[in-house]
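Asks: So that we are looking at the same thing, I have put the structure below in structure tokens.
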Amino acid sequence: MLSELKSEFASLAPLAVIETDYKVKGYHLDVEVGPDRVVDAAELLDRLGFFLEAITGVDWLGKNPVGNQPDPVSVNEQDPEAAEAEGEAGSDAPADKMEVVYDYNRTDGVLCRVVVRCRLDRAKPELPTVSRLIPGADWHERETHDFFGIIFTGHHDLSPLLLPEDADFHPLRKDFKA
Amino acid sequence: MTLTEPWRVLAFLVGIIAFVALNAAYLVWLERKVAGHIQGRIGPKEVGPFGLLQPLADGIKLMSKQLLVPKGVDPLLFKVAPLLVLVPAVMSFVTIPFGENLVARNIDIGLLMIFAFASVNVMGLLLGGWGSNNKYAVISAARAVSQNVAYEIPMLITVVTMIMLTSTMNLNEMVIQQGGGILNWHFFANPLMPFAFLIFFVCALAETNRAPFDLGEAESELIAGFHTEYSGMGFGVFFMGEYANIIIGCSLAVILFLGGWQSPFEFLSDQGLWGVFWFLAKVYFLIFCVMWIRWTYPRTTLWGLLNLSWKILIPISLLILLLTGAMIKVWPLITGAS
Amino acid sequence: MNDLARSPNQETFVLNLGPQHPATHGVLRVKLTMDGEYIVDAEPVLGYVHRMHEKMGENRTWVQFMPNTARLDYLGALSYNHGYVKVVEQAMGLEVPERAEYLRVITVELNRIASHLLWFGAFVLDLGGFTPLLYAFDDREHILDLLESVTGSRLTFCYYRFGGLCNDVDDDFLTGTRAFIKRLRKRLPDYHNLVTKNIILINRLKDVGVLSAEMCRKYGATGPVLRGSGVDYDVRKNEPYSVYPELDFEVPVYSEGDSMARYMVRMDEIDQCLRIVEQALDKLPEGPVMAEKVPKILKPAAGDYYGAVEAARGTFGIRIVSDGTNIPYRMKLRSPTFSNLSLYGEASRGLLLPDALALMGSLDLVIPEIDR
Amino acid sequence: MSGYFKELFGGTKSLFVGLGITFKYMIKPVVTVQYPHETLVMPPRFRGHIELVGDEETGAPKCVVCGMCQKACPTNCITLTGEKPEGGKKKVLTGYILNFTTCSLCGLCVESCKFDAITFSRDYNLAGPRKDAYIFDLKKRLEEKSG
């Protein structure tokens, strides 16, 4: 399953495809794509019988995104110092990013969890919606928009789902203070 | 029993109204006790011994509450509706024989009169629901009407069977025909009668909007249905009407099938107050069954209800009507010929 | 029936079901567009008990977040505790003593039975039957008493700790649990005779609110909803965790996809939970209930971790992002009923109001968990 | 047609079976506890609000004002103050306030205490008309209890 997936993903020009240690991470494959490829990734996984378990965001304000490295064996998982240093090669001032994470899973007995992530410019967090393809993404995207202010272009209704109707704040942004 | 006619009527009217009010109050208490014990609880117990004063407390509470008339309702319909439920129910008691001589008006078309009044009852529900300016109430009113229409048919067919069997519409006359012990009750008149009784009982449940046919007030769907907007005694009168209708339904079942005020065994008296005792004992037993059923079953849907009526109750009641007619007319011919 | 709902010159009206309505079990609002009693469109409106647990998670230490996990789904709190300790232990590489794992399974399954029993009662209440609720409460009360005696709480348990449990159980709990298993096995046939076989209930649930397996997949529905649509998916089997692989149990699957199938899945699950608890009690080893080498201050290595457990209502997933400090950087709680409810709009289209409420009841909603 | 009758008879039978079951339960004894007249005793592990533990001999609080409970609390509902008496070595507790309105009864404070100086109360009958009825002065409570 994994190798098949990897070769399928190769056609999407992903930014990274990393096999991870399921025992530690809880998922098998970590794929990073650009915002223009999110729908393609969803379409590919949907075609292969995956279902979308959740969509969420992570706000990396003033921080380098903590991610997986292509070769997990060489990384000392137990050492936070090392993990922090591995963010981006040159540790300049980090470019503020907003990350959207899609969790895919299967129900047919094949154990394979795929994480698709997409990093966006924090100043203008926009990416296309997958809710046309996967109706279940509708609410997850609305929730992510509520909490992070990430705009899913093409979504039919991004009005607040969990927050009050008139909410104009995004509580899970790191610069939000209650 | 030597009162002159106007006084007699007055005494009966006061008696009937007192009977209805007292019964409505104490049937609520009984219902709560039955429900409690079925569910492993006790039910009311704090007010008075065994909670016997609970209905009094409830009554005082309901009466002291403000009668809210919400915005946008039709005030006339809204206020008249509860009375339209209660008054016909009270009127129906006029022809019910509680004992051999204990009947307000022993008229020859008593049965017809009861059904005439029973069909007014549904008007009350409709107007209450319609007048409330509440969507839940309107849905409920529509349900109540279609339900009543559907269930009058099998009920009336069964009643026609009974009229054929007894060749009278006088209720007291019917009871007198069933004298002489339990085996002379119409319930045992022929092998079809238990089924007729069952159909009549189910229809009575549906007519009085009791569970499992309480679609009109389905609390988990329509909050409280047609009386959602009623408060205080407006609600209280609806409630009294509901219980009065249950008593009427059960009384009719007792009169038609279970021998009315006749005692079940010949050696037991049914004269005077004994007749009243037997009548009420049977009625309360049926009322207990009604409650027992309510606390056992889930609610049907309108489709289920109409299916039951049109696919099961009406064909079977028609069959019973035909067979009974045949038995009455054909059987004597055969036996007479042989 | 659907043709009726779509007659061309239909006159529709909007019915506001909730936020206070007997059938929504909490503060959920459903905006129904109705044509008579047919539902043309249903739009759930959420957020009435939204508390932003995810933000709270970013403001307290890993240990301090534990009580919050019990407050998502207050009916099956231990599954959520379990999911949380599972993912953090996985991130930290903590080994949990076997006795602790067995006790986790025992308590989680008892909690699952309690949750299903309450659902059973509330579902039949939705359908207008009052009495089964009280019977179910009677049995559930026994479970809560048992769990209270070990955890000290009746609903918001907070019993697990990273690396084990906060308390060991005593013999009273073990004998009490065995007695309870016996008791519930005796009472289950009564439930089936009173409710499951009742012709009124069967007529109300059969072929009502059919969800296809494909629809469940598209919406990400899990748990009994998915298993009622013929998909054999249970995290306990598909992604074995804890000591579930050592226990012998079946995953009930019904392929009809209607409300009756979902009802049957849950009722059968009660049976299976009893089996699991019984086996776990038999196999319960002696030993400590807390790992020895648990650091005082937890600092999972930087990175993100995902863990999922089978909660009473479906897959509870939790994604944690750690930046290597003792405070979580991000905590995503994926609640099963959120996804399960999201299909309600599509699934209830063209249904009658009572059928739509039967469908909603069969999804087993717990609002605080949807709103988080 | 045979299916029709089968359903009719099966259905009717199921209804009577249901009545039988509710009747069976009706004649069983009731299971409820008549609450204000009868009360239950909470199990020893019951997590009520916290309570200070006094020294068995002196009755003075065992607390040494280390502040671990305060630190462990997720909702900051514990405020404690202490001071060193002149000439004394150990800190002495001068005030222990529990803001029960925000307490989530998680028990992390009791777990964090190494001196067994706090414990759970088994009191569950908590009702009051005002919010400030739930700002407990635990030190005062302890003094009232012991003295």
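The values are calculated or read from the model by the stated rules, or taken from the named source; none is laboratory data. Small disclaimer: the values here were computed from a predicted structure and weren't measured. Ideal geometry is used to build each Cβ from the backbone, glycine not excepted, and the neighbour counts take in all protein chains shown.
Asks: Residue by residue through the stretch C:248-290, note down the ones that are farther than 18 Å from residue C:111 by Cβ and in contact with a Cys (Cβ under 9 Å, 6 or more places away or on another chain).
Replies: Scanning the stretch C:248-290 gives C:257, C:290.
Asks: Regarding the stretch C:133-140, can at least one residue be identified that is touching a residue at least 24 places away in the same chain (Cβ under 8 Å), of a type outside the set (S, T, N, Q) and within 19 Å of residue D:43 (Cα to Cα)?
Replies: yes
Asks: Suppose we keep only residues that are in contact with a Leu (Cβ under 8 Å, 6 or more places away or on another chain) and assigned to a loop (DSSP other than H, G, I, E, B) within the stretch A:150-168. Which one would you say is surrounded by the fewest Cβ atoms within 10 Å (Cβ to Cβ)?
Replies: A:162
Asks: Select, from D:50, D:27, D:21, the only residue that is within 7 Å of another protein chain (Cβ to nearest Cβ) and not basic (Lys, Arg). Explain how you work it out, then say what you get.
Replies: Values: D:50 fails: within 7 Å of another protein chain (Cβ to nearest Cβ); D:27 fails: within 7 Å of another protein chain (Cβ to nearest Cβ).
Exactly one residue qualifies, and that residue is D:21.
Asks: Okay, next question. Could you look through the stretch D:53-72, keep only residues that are surrounded by 14 or more Cβ atoms within 10 Å (Cβ to Cβ) and out of contact with any Lys or Arg (no Cβ under 8 Å at 6 or more places or on another chain), and pick out the one that is nearest to the other protein chains (Cβ to nearest Cβ)? So that I can check it myself, show each step before the final result.
Replies: Going through the stretch D:53-72, the residues surrounded by 14 or more Cβ atoms within 10 Å (Cβ to Cβ) turn out to be D:53-54, D:60-72.
This time we only want the ones that are out of contact with any Lys or Arg (no Cβ under 8 Å at 6 or more places or on another chain), so: D:60, D:62-63, D:67, D:69-72.
Numbers: D:60: 27, D:62: 21, D:63: 21, D:67: 15, D:69: 12, D:70: 12, D:71: 9, D:72: 7 Å.
Filtering the stretch D:53-72 for residues that are surrounded by 14 or more Cβ atoms within 10 Å (Cβ to Cβ) and out of contact with any Lys or Arg (no Cβ under 8 Å at 6 or more places or on another chain), the one nearest to the other protein chains (Cβ to nearest Cβ) comes out as D:72.
Asks: Against the conditions (1) surrounded by fewer than 20 Cβ atoms within 10 Å (Cβ to Cβ); (2) within 14 Å of chain C (Cβ to nearest Cβ), where does residue B:38 fall short? Just the number, please.
Replies: (1)
Asks: Go through the stretch C:305-372 and tell me which helices (runs of 4 or more DSSP H), entirely inside it, have 3 or more residues that are surrounded by fewer than 24 Cβ atoms within 10 Å (Cβ to Cβ), in contact with a Pro (Cβ under 9 Å, 6 or more places away or on another chain) and within 14 Å of chain A (Cβ to nearest Cβ).
Replies: Numbers: elements: C:336-342, C:344-347, C:353-362, C:367-371.
By residue number, C:344-347.
Asks: To continue, here is another question. Quick check on this structure: which one of B:82, B:75, B:6 is under 21 Å from the mean Cα position of the chain (by Cα) and either modelled with pLDDT of 85 or more or on the phi < 0 side of the Ramachandran plot (or both)?
Replies: Step by step, each of B:82, B:75, B:6 is checked, and only B:82 is under 21 Å from the mean Cα position of the chain (by Cα) and either modelled with pLDDT of 85 or more or on the phi < 0 side of the Ramachandran plot (or both).
Asks: Just for the stretch C:5-31: of the residues that are β-branched (Val, Ile, Thr) and part of a loop (DSSP other than H, G, I, E, B), which one is modelled with the highest pLDDT?
Replies: If we take residues in the stretch C:5-31 being β-branched (Val, Ile, Thr) and part of a loop (DSSP other than H, G, I, E, B), then C:27 is modelled with the highest pLDDT.
Yes/no per residue for (1) within 24 Å of residue D:7 (Cα to Cα); (2) within 11 Å of chain D (Cβ to nearest Cβ); (3) within 21 Å of the chain's Cα centre (by Cα):
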position	(1), (2), (3)
C:169	no, yes, no
C:184	no, no, yes
C:206	yes, no, no
C:210	yes, no, yes
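Asks: Name the single residue that is nearest to the other protein chains (Cβ to nearest Cβ) among those in the stretch C:225-251 being touching a Leu at 6+ places or on another chain (Cβ under 9 Å) and under 19 Å from residue C:360 (Cα atoms).
Replies: Residue satisfying both the conditions and the ranking: C:226.
Asks: Looking at the stretch C:33-51 only, could you name the residues that are part of a loop (DSSP other than H, G, I, E, B) and either surrounded by 17 or more Cβ atoms within 10 Å (Cβ to Cβ) or in contact with a Gly (Cβ under 8 Å, 6 or more places away or on another chain) (or both)? Talk me through it step by step, then tell me what you get.
Replies: The first filter runs over the stretch C:33-51 and keeps only residues part of a loop (DSSP other than H, G, I, E, B), leaving C:36-37, C:46-51.
Selection gives C:36, C:37, C:46, C:47, C:48, C:49, C:50.
Asks: Additional query: Restricting the stretch A:109-127 to residues that are more than 8 Å from every other protein chain (Cβ to nearest Cβ) and surrounded by fewer than 17 Cβ atoms within 10 Å (Cβ to Cβ), which is nearest to residue C:340 (Cα to Cα)?
Replies: Going through the qualifying residues, I end up with A:110.
Asks: To continue, here is another question. Please find, among C:30, C:63, the residue that is among the aliphatic types (A, V, I, L, M), buried (at least 17 other Cβ atoms within 10 Å of the Cβ) and more than 10 Å from every other protein chain (Cβ to nearest Cβ).
Replies: C:30
Asks: What number of residues within the stretch A:54-70 satisfy the criterion of being under 15 Å from the mean Cα position of the chain (by Cα) and in contact (Cβ under 8 Å) with a residue 60 or more places away in the chain?
Replies: Matching residues across the stretch A:54-70 total 6.
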